[in-house]
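**Q** One structure, pasted below without further comment.
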């Protein structure tokens, strides 16, 4: 079957009611849209004046990569071949147009100005100011970490813009996942995985053995409902509160999360993944050898546990103190999916183990809000059907 590029070619034209835009090049592409640099020779209305002449703009085209396609390599027309796809596209396109029109009413020096919103070619577009230069992420990648004073300056600008948006009774849900999924660097090393036979609450499957783990990045927090919504546009969580974006997402199967990761990687160009069980325990322990990363006891004041006696639900991520490496909620709140199939541990030393080659259940770690402390020990293993979702299971992600 012949296939066509999803992107509009240089020279393609888009027409709104009052303007004509000529595509110059593609700036970026994610799971929900393609952004172009374009020029227009016509009048454009701005909040304070009218500007005449040919000038450069940025245009974001609503284009769900999973469902949409071009009618031909020379067409701007978008089509959706499947019935299920048409239902999904129509829902999110309606949201795109509504949110784009809300954004077009904003005017703040720290927010890129939206100039026009229009529908054409069986899809929708938002026209914005074009600002030449690298993104902050590109700048840091090329030049290294920002000086503290400069970084704080950027943070203040973002905070001022968000305060303005919130003052308009709006929420900014398109903060880039690459920015909001905060990752911490974990230096690799050797550790004892499993538990000693003398550990209180120990299970038979926690056979202690040495592991060598390579360095990696891991989420500072469990992935939240806000993260999930920013990538998928939905929220499957059982504990779905009105102001719950900072609660961990749960009620997501292992396979649901794989689809989330696929979309996230498409949006960011990164390679997020589940942690292996060895990586998870290594990061949880943070160099400790005790039952928990804070000692041999875990109290309800130290983690979201013991639901029948205390909280009865999840808590916002970061509510309790982190471990020695700055990672939050490694004990309690929600179990966290790992990449491994559940199986017996080896007894010999392992380097970057990946778990059993096959199985029927995937490993979850860390315990949860509806379990007692002994189920949250650093070495405690549990497992669930990867096709099912559970209201006490969420996840965090790592980068290679």
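The values are calculated or read from the model by the stated rules, or taken from the named source; none is laboratory data. Quick caveat: nothing in here was measured; it's all calculated off a predicted structure. A quick note on method: Cβ atoms are made from the backbone with ideal geometry, for glycine too, and the neighbour counts reach across all protein chains shown.
**Q** Consider only pairs whose beta carbons are under 7 Å apart and that are at least six residues apart or on different chains; among these, list those whose first residue lies in the stretch 127-145 and is within 21 Å of residue 19 (Cβ to Cβ) and whose second residue is at pLDDT 70 or above and outside any strand (DSSP E or B).
**A** So the pair list comes out as 128/112; 128/113; 129/112; 129/113; 131/112.
**Q** Return the residue satisfying two criteria in turn: it lies in the stretch 1-19 and is within 26 Å of residue 105 (Cβ to Cβ) and either touching a helix residue (DSSP H, G or I) at 6+ places or on another chain (Cβ under 6 Å) or at pLDDT 90 or above (or both), and of such residues it is surrounded by the most Cβ atoms within 10 Å (Cβ to Cβ). Outline the logic, then answer.
**A** Initial filter on the stretch 1-19 (within 26 Å of residue 105 (Cβ to Cβ)): 14-19.
From what is left, the residues that are either touching a helix residue (DSSP H, G or I) at 6+ places or on another chain (Cβ under 6 Å) or at pLDDT 90 or above (or both) are 14-16.
Values: 14: 21, 15: 12, 16: 17.
Selected residue: 14.
**Q** OK, next. Of the residues 144, 167, 133, only one is loosely packed, with under 12 Cβ neighbours inside 10 Å and either under 26 Å from residue 244 (Cα atoms) or modelled with pLDDT of 85 or more (or both); which?
**A** 167
**Q** Do you know which residues across the stretch 320-365 are under 20 Å from the mean Cα position of the chain (by Cα) and part of a loop (DSSP other than H, G, I, E, B)?
**A** 326, 327, 328, 329, 330, 333, 334
**Q** Among the residues of the stretch 193-208 satisfying the criterion of being in contact with a strand residue (DSSP E or B) (Cβ under 6 Å, 6 or more places away or on another chain) and surrounded by fewer than 18 Cβ atoms within 10 Å (Cβ to Cβ), which is farthest from residue 364 (Cα to Cα)?
**A** Among residues in the stretch 193-208 that are in contact with a strand residue (DSSP E or B) (Cβ under 6 Å, 6 or more places away or on another chain) and surrounded by fewer than 18 Cβ atoms within 10 Å (Cβ to Cβ), the one farthest from residue 364 (Cα to Cα) is 208.
**Q** Something else: Identify all residues within the stretch 244-287 that are buried (at least 20 other Cβ atoms within 10 Å of the Cβ), out of contact with any helix residue (DSSP H, G or I) (no Cβ under 8 Å at 6 or more places or on another chain) and under 19 Å from residue 185 (Cα atoms); write none if there are none.
**A** 276, 277, 278, 279, 280, 281, 282, 283, 284, 285
**Q** Can you tell me which of (1) free of Cβ contacts under 8 Å to residues at least 60 places away in the same chain; (2) assigned to a loop (DSSP other than H, G, I, E, B); (3) closer than 17 Å to residue 395 by Cα is the one residue 316 doesn't meet?
**A** With (1) free of Cβ contacts under 8 Å to residues at least 60 places away in the same chain; (2) assigned to a loop (DSSP other than H, G, I, E, B); (3) closer than 17 Å to residue 395 by Cα applied to residue 316, the lone miss is (1).
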